[in-house]
């Protein structure tokens, strides 16, 4: 029996996909045939484009400064609650929308380290494979506060296991900062078990959810997580530079003191009083004037995720990455490409990373041909598959284009095709 082509298999998968109808809800670029970077910047929704236009004329233009009293003042909290309910598994009153991920994480790290119950502890646990922002922040804060960083060193294709955490925490541990999904490999850490281990050591845990929120079934309240932060421009499609969210477990909200004291987090912000007093509740984690325009686009994406259901979104994510791995094995591994993401779908997020020495040279060819993944040094391509906007046909086109680029890059090296592929 003849094996169906990748395109034929993709067509069958798209025809059977219960979420296929959502693909048309996104703005499409005329020169892109396969967008495989939704894990870095999500496509805009069509509804977001309309929402932004309406905002200019109907809210900003018509209501002017009255908009603050009518909805804008509360938006960082009402939108935070919506993010919590839709994609974080978080009850109301624990999530806020703030500044960039870096600033939100800085606030949460500093607030955690100042908690009296752990103030005497002098170690912070982090992994060397974590995203640079996380590591750089901790290096600076540790130097400032006289703390010691305890490093976990995961494998390139893996991530942090509970056993790694158990071996790193002790009575000296104040905070553990980890990514739920590793930004390079896509490895999914067992957040519930890690949280339990951290709590058993008497420490706090902060989860980076940048590669989780909107693609995985996150359950912060169920895990017992203390703190979390994540961006909104990846799977929440908020647009370039859209603000990050922060989560603070209910029991910690009124006992943590955030370090960037600003007027929007004050008890009575419009009194313009002589001294700062924190607002009750999660509003205390706000600082300056909220970035209202930057909060608009993600609201339309949350509509779509709520309609689809996060369980169905995760199921589509697994199906997309399983298909991508299947094609990588079929088309790319014979040409010397290495899969550096977990093969177990339960341990893999919504992107698949592949490595080959020629990939840095392949990226310009792919972009010219309308296939858009991203490159991670030293030699990795990430295939970022955003469940509601990515079709199986795009995956087949994309992996096929990577194969074609490798063939082209090795065509002038002499020898047999196998020898040329191995020589790259």
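Counting every other Cβ atom within 10 Å of each residue's Cβ, 294, 317 order from fewest to most as 294, 317. Counted over all Cα-Cα pairs of segment 73-305, pairs farther apart than 27 Å make up 29 percent.
If packing is taken as the average count of other Cβ atoms within 10 Å, what order do 281-287, 109-115 fall into, highest mean first?
So the peptides 281-287, 109-115, ranked by packing, come out 281-287, 109-115.
Using only alpha-carbon positions in segment 50-199, the gyration tensor eigenvalues give semi-axes of 36, 18, 15 Å once each is multiplied by 5 and square-rooted (largest first). For segment 268-329, the alpha carbon positions stretch 65, 23, 20 Å along the principal axes, listed from largest to smallest.
For the listed peptides 264-270, 377-383, 187-193, a ranking on the average number of other beta carbons within 10 Å per residue, highest first, reads 187-193, 377-383, 264-270.
With the convex hull of its Cα atoms as the shape, segment 1-130 has an orientation-averaged projected area of 15.2 nm². In this entry, the chain is assigned a mean projected area of 22.5 nm², taken as a quarter of its C-alpha convex hull surface. Of interest is the spacing of the C-alpha centroids, which for segment 307-375 and segment 1-40 amounts to 13 Å.
Multiplying the sequence separation of residue 5 and residue 156 by 0.36 nm and subtracting their Cα-Cα distance, what value in nm do you get?
Values: separation 151, 0.36 × 151 = 54.36 nm, distance 3.15 nm.
51.2 nm is the gain from fully extending residue 5 to residue 156.
Only Cα sites of segment 231-311 enter the Debye sum here, all with the same form factor; the resulting log10 I(q)/I(0) across q = 0.11, 0.23, 0.26, 0.27 1/Å is -0.40, -1.04, -1.13, -1.16, listed in q order.
Each principal axis of segment 269-424 carries a Cα extent, and these read 78, 34, 27 Å when sorted largest first. Just 351, 23, 211 to compare: in a GNM of the chain, with alpha carbon springs under 10 Å, which one fluctuates most? Among 351, 23, 211, the largest GNM mean-square fluctuation belongs to 23. Kirkwood-type hydrodynamic radius, segment 119-236: 14.2 Å, calculated from all non-identical alpha-carbon pairs. Once the Cα atoms are used to define both axes, helix 6-16 deviates from the longest principal axis of the chain by about 50 degrees. Computed over the chain, relative contact order equals 23 percent, with contacts defined as Cα pairs under 8 Å that lie 6+ residues apart. Reducing segment 184-200 and segment 215-290 to their Cα centroids gives an inter-centroid distance of 22 Å.
When shorter helices are ignored and each DSSP H run of at least 4 residues is given -39500 (n - 2.57), the per-residue value for the chain at 222 nm works out to -10500 deg cm²/dmol.
The numbers here are math on the coordinates, done by the rules we state, and not lab data. If you're wondering where the values come from, they're calculated on a predicted model, not measured in any experiment. So basically every Cβ, Gly included, is an ideal-geometry build from the backbone, and we count neighbours across all protein chains shown.
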